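Some notes on the structure that comes next.
The values are calculated or read from the model by the stated rules, or taken from the named source; none is laboratory data. Computed from a predicted model, the values in this text were never measured in an experiment. Cβ atoms come from the backbone with ideal geometry, glycine included; neighbour counts cover every protein chain shown.
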Amino acid sequence: MSPPGQPPRPPAAQTSPAGGIPPGSQLTWDVGDGVGRAWELFRHAPGAWVGAILALLGVSVLLPVVVFAIGFSGDIASGADVGSGGDITVSGEIGAAATVAMVVVSVVVVVASFVAAVGVYRASLAAVDGREVTFGTFFQLHRLGAVLGTILLVVLGTAVGLVLCILPGIVFAVMAMWAPLFVMDGHRPVEAITRSIALTRQRWADALVGVVMTQVIATVGMLACGIGLLVASPVSWLLTAWLYRHMVGMSDLAETAPAS
């Protein structure tokens, strides 16, 4: 049991009576307990989680809208004709400056989204491991490049699988979903992906139920007029990190991570 005031920790590794690893078809975690633990972890730093989400929304949604509105209105104003009756005829087009601005903003949004993903992995593991999560936790640069490279490899592998026959892409995406977390623990990108696949094969029932539950939580958040995602998203991320720690502890992959 965790000390008073400290976030709950994932359950210790369990083995079968014979001392071996339980078969992957056996569910080794209680869904209600897992979701409850994720909720408690969120409650320890709700401001940091909600603030990080709002910051990302500000970059990915508000910034493009503002830039486009300013650029578009300026170009339209330069090409608007006022008729004798007061009618305004718009003949302007989006100019080169506005186009360049939108391209730059698009690049910024993509980069910010990837950096935010790294921040989510970092903060989620920090919370599960009992470390303090603050707004600044999401913007630390530790292992940024390695995690970004891993995400790009997973995206590329998923895209190839989708092109080939759709199903392979989905399977690969699910099996490689733990790779960024392995990277945060010190592993290299390719090694992290192979370990993620091995982990999913060993604990596929745990992983499958975990994926379903995170989707259920996200759906519930969307049904609450979208505002519920401010809570549902962090809870689903924390559940994923907590389950990762649990699954690794239940597998033969539980070992000291290499030096960063």
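Any residue in the range 127-152 that's outside any helix (DSSP H, G or I): show its pairings with residues that are not aliphatic (A, V, I, L, M) at Cβ separation under 7 Å, as long as the two are six or more apart or on different chains.
What qualifies is Gly130/Gln6; Gly130/Pro7; Gly130/Arg9; Gln140/Arg122; Arg143/Ser260.
Taking Thr256 as the residue in question, decide whether it is of a type in the set (Ser, Thr, Tyr) and at pLDDT below 95.
Considered against the rule, which asks whether it is of a type in the set (Ser, Thr, Tyr) and at pLDDT below 95, Thr256 comes out as yes.
One line per residue, one yes/no per condition, for (1) more than 26 Å from Glu40 (Cα to Cα); (2) outside any helix (DSSP H, G or I); (3) not hydroxyl-bearing (Ser, Thr, Tyr):
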residue: Val190; (1), (2), (3): yes, no, yes
residue: Thr214; (1), (2), (3): no, no, no
residue: Cys225; (1), (2), (3): no, yes, yes
residue: Leu238; (1), (2), (3): no, no, yes
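Within the range 214-222, is even one residue surrounded by 15 or more Cβ atoms within 10 Å (Cβ to Cβ), under 13 Å from the mean Cα position of the chain (by Cα) and touching a residue at least 60 places away in the same chain (Cβ under 8 Å)? First the steps, then the outcome.
At the first step, the residues of the range 214-222 found to be surrounded by 15 or more Cβ atoms within 10 Å (Cβ to Cβ) are 214, 217-218, 220-221.
Still in the list and also under 13 Å from the mean Cα position of the chain (by Cα): 214, 218.
Narrowing the set further to residues that are touching a residue at least 60 places away in the same chain (Cβ under 8 Å) leaves none.
No, the range 214-222 has no match at all.
Assess whether Ser196 counts as being small (Gly, Ala, Ser) and not in a helix (DSSP H, G or I).
no
Taking the conditions exactly as written (modelled with pLDDT of 95 or more and more than 23 Å from Arg131 (Cβ to Cβ)), does Ala205 satisfy them or not?
Spelling it out, it is not the case that Ala205 is modelled with pLDDT of 95 or more and more than 23 Å from Arg131 (Cβ to Cβ).
Quick one: which residue in Ala116, Ala146 is crowded, with 17+ Cβ neighbours inside 10 Å and under 24 Å from Met213 (Cα atoms)?
None of the other options fit; the residue is Ala116.
So for the range 201-208 (the condition being part of a loop (DSSP other than H, G, I, E, B) and touching a helix residue (DSSP H, G or I) at 6+ places or on another chain (Cβ under 6 Å)), does at least one residue qualify?
yes
So which residues in the range 225-254 are free of Cβ contacts under 8 Å to residues at least 40 places away in the same chain and buried (at least 21 other Cβ atoms within 10 Å of the Cβ)?
Start the filter on the range 225-254 by keeping residues that are free of Cβ contacts under 8 Å to residues at least 40 places away in the same chain, which leaves 225-228, 232.
Scanning the range 225-254 gives a single hit, Ala232.
Consider only pairs whose beta carbons are under 8 Å apart and that are at least six residues apart or on different chains; among these, list those whose first residue lies in the range 181-197 and is among the β-branched types (Val, Ile, Thr) and whose second residue is assigned to a loop (DSSP other than H, G, I, E, B).
Val183/Arg143; Ile193/Ala176; Ile197/Ala176
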